[in-house]
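A.B. asks: Before anything else, here's the structure in question.
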Amino acid sequence: MIFNPEKECMSREDLRKLQSERLVKIVKHAYDNVPFYKKKMDELGVKPEDIQSIDDIVKLPFTVKTDLRENYPDKLFAVPRKDIVRFHASSGTTGKPIVAGYTAHDVENWAEGTARCLAAFGASDEDTIQVSYGYGLFTGGLGAHDGATKLGAAVLPTSAGNTAKQIMLMEDLGSTGLCCTPSYALFLAEEIEKLGVKDKLKLKFGAFGAEPWTENMRKELEDKLGIKAYDIYGLTEISGPGVGGECECQDGTHLWEDMFFPEIIDPVTLQPLPEGQEGELVFTTLDKWGMPMLRYRTRDLTHLNYTKCKCGRTMVRMGRILGRSDDMLIIRGVNVFPSQVESVILEFPEFQGQYFITVDRINNVDTFQIDVELREEFYSENSADMEKYKSALTARLISVIGIKPDLRIVAPNSIERSMGKAKHALDKRKLQ
Ligand code: DLL
C-alpha cells in the first residue's frame, strides 16, 4: 500500500517546486533563529534572500556532527523551548551526546515517514507490529512505534532484549511485523530455531535498519524467519527511522524527498557528485522546525538512483549503505568495511552471520583477524573439516577484499550477540 500517494508519487517537477518553497522557508527560519547558522551563512556571504530555489542549496554551509556536539544541548534549536515536545539523543564513542529536539509538527512528520515505510513493507491496520528497537533516547523504538500507530496497526512495544519473552509474545499475540536491527533479528532467528517455534509464528515482514546490512544478510533473515526483510533508514540528526525505506520491489531505499533533501558529495572535495556515483550522503531537512539541519554530512557512503521505481513511487532510491566513513578500516593500506566481510561470509552455507574483526599493529605490521562462527550442524572436532572451511573462506575473502585475514573458526554461540546496533570490529591501533 502507498501511504501518501499524493506525496510519494508526485511528479518530479511538482516535487522540485515543493522542495524549493520549503527550502526558502526553512533557510530563513534557521538564519533568523539559530545563531550558529546565521554566523555560518554570514561567513560565506550568503543571505536567506539568496536562496530562491532548491538549486541554490549548494550555496549553503555544511553541518557536521561536531557542530551538534559543540552546540550541546540545545543551541541549534530554532523554536522557543515551550514548542519542543520531545528530545532524543545519540551517543557517539566519546564526549557529549548529540541532542535532537522536535516540535509537535516534527513528530507528526517523522511518524508519517515511518508510516510510509511500514505501508511500503505491506503493513496496514490489520497488522500487529512488534517493536524490538530500544525505547528511550535512541530514536528506533519510539520512531517505529509512532509510525505503526499512525498506520492504525497494533503495536507490541517489547523494546530490545529479554529474548525468550519476546518470542513468547510474538507467538501468543501473533506479531506479523518485526522492527529491530538486523543483528538482533539474526539472534532472534537463532533462538526461534532452537525453540522450534518458527511454524507457530505469523511474522510476514521485518523492518530492519539502524546499522549497515547486506543482501546476503537479507536472504539469511528471510529464510530463517520466513518473512520479507526490508530496509529502513534514518538518523537522529534528521529525525530517526523513516527518513526512507524500501518498497515491495526491494530495489533501493526510497528517501522521502519532500521532507529531507538528499545530496551526494565527494567527502574530500565536498563537491556534489553526478547521479549514481558513490559518495557521502548529505541531508537538508525541508519541513523540520525544532532543529532544522542544513546540509548535514551523514558520513554514510552510498549512491542515489533517480529512475522511476516499478512500485509507482517517484521518490529517489538510495543504494545500500556500505558503512560510515568512520567505520572503514584501513588495513595494510587497503580499505575494508565490515559489511564487505559479512557479505562474503554469508556466501557460504556453512557459516552464519556472526563474526568479529580485530585489527592491531604488531611490530609495525597491521594484523587482521576475523573470528567467525560455523553453523552448529557443520561444527566438528575434526580438524581436517575445519581446515577445509577455513581455506575456502580465506581464499574468497582475499579475492574480494584484497588482503589475507587471519581467519579463526570459533565454536557456535561464542561471539557476543547484540540486542541493538552490533559492533563487528575493534581497531586496537586506535587504543595505542
Ligand atoms: O539508527 C535511526 C534508526 C533506527 C534507523 C531504527 C533505522 C531503524 P542513529 O542512532 O542516529 O539513528 O544512527 C544513524 O545509523 O547514519 C547510519 O550510519 C546507520 N543506519 C541507520 N539506518 C541504516 C540502514 C538510527 N538502514 C546511523 N542501513 C546512520 C545502514 C543505517 N545504516
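A.B. asks: In Å, the Kirkwood hydrodynamic radius of region 88-182 over pairs of distinct alpha carbons?
C.D. replies: Taking every pair of different Cα atoms in region 88-182, averaging 1/r and inverting gives 14.0 Å.
A.B. asks: How many percent of Cα pairs in the chain exceed 34 Å? Provide the component values of the computation, followed by the final result.
C.D. replies: Values: 31450 of 93096 pairs.
Here the tail beyond 34 Å accounts for 34 percent of pairs.
A.B. asks: Right, next: For all pairs of alpha-carbon atoms in region 175-292, what percent lies in each bin of width 5 Å, listed from the first bin to the last filled one?
C.D. replies: Taking every Cα pair in region 175-292, the percentages come to 2, 10, 18, 19, 16, 13, 10, 6, 4, 2, 0.
A.B. asks: Find how much the distance from SER399 to ALA104 grows on full extension, using 0.36 nm per residue of separation minus their present alpha carbon separation; answer in nm with one decimal.
C.D. replies: 101.1 nm
A.B. asks: State, as an integer percentage, the relative contact order of region 245-392 based on alpha-carbon contacts under 8 Å between residues 6 or more apart.
C.D. replies: Values: 238 pairs, mean separation 21.8, N = 148.
Rounded, it is 15 percent for region 245-392.
A.B. asks: With runs of 4+ DSSP H residues as the only contributors, calculate the mean residue ellipticity of the chain at 222 nm using -39,500 (n - 2.57) per run, divided by the residue total and rounded to the nearest 500.
C.D. replies: -9500 deg cm²/dmol
A.B. asks: Here's another thing I want to ask about it. Between region 7-24 and region 355-369, what is the C-alpha centre distance in whole Å?
C.D. replies: Each part's Cα centre sits 49 Å from the other's.
A.B. asks: Okay, moving on. Amide H of TRP213: which non-local residues (sequence gap of 5 or more, or other chain) have their own amide H closer than 5 Å, using H built in the peptide plane?
C.D. replies: Result for TRP213 returns ILE321.
A.B. asks: Hey, any idea what the orientation-averaged projected area of the convex hull of region 329-431's Cα atoms comes to, in nm²? Write down the numbers at each step before the final one.
C.D. replies: Numbers: hull surface 28.2 nm².
One quarter of the hull surface, i.e. the mean projection, equals 7.1 nm².
A.B. asks: Return one number: the angle in degrees, 0 to 90 and rounded to the nearest 10, between the long axis of the Cα atoms of helix 163-172 and the longest principal axis of the Cα atoms of the chain.
C.D. replies: For helix 163-172, the angle is close to 80 degrees.
A.B. asks: Hey, another quick one. How high is the relative contact order of region 1-325, in percent, with contacts defined as C-alpha pairs under 8 Å that are six or more residues apart? Display every interim value, and only then the final one.
C.D. replies: On the way: 684 pairs, mean separation 60.2, N = 325.
Relative contact order comes out at 19 percent.
A.B. asks: Taking amide H positions as placed in the peptide plane 1.01 Å from N, state which residues far from LYS202 in sequence (5 or more) or on other chains have amide H under 5 Å from it.
C.D. replies: Residues meeting the criterion, in which the H sits 1.01 Å from N, are SER175.
A.B. asks: What number, in percent, do you get for the relative contact order of region 1-74 if the mean sequence gap of Cα pairs under 8 Å and at least 6 apart is divided by its residue count?
C.D. replies: 28
A.B. asks: OK, next. Can you give the Rg to Rh ratio of region 1-98, both from alpha-carbon atoms, with Rh computed by the Kirkwood formula?
C.D. replies: Ratio of gyration radius to Kirkwood radius for region 1-98: 1.04.
Every number in this text was worked out from the coordinates using simple rules, so none of it is lab data. Just so it is clear, the model here is predicted, and its values are computed rather than measured.
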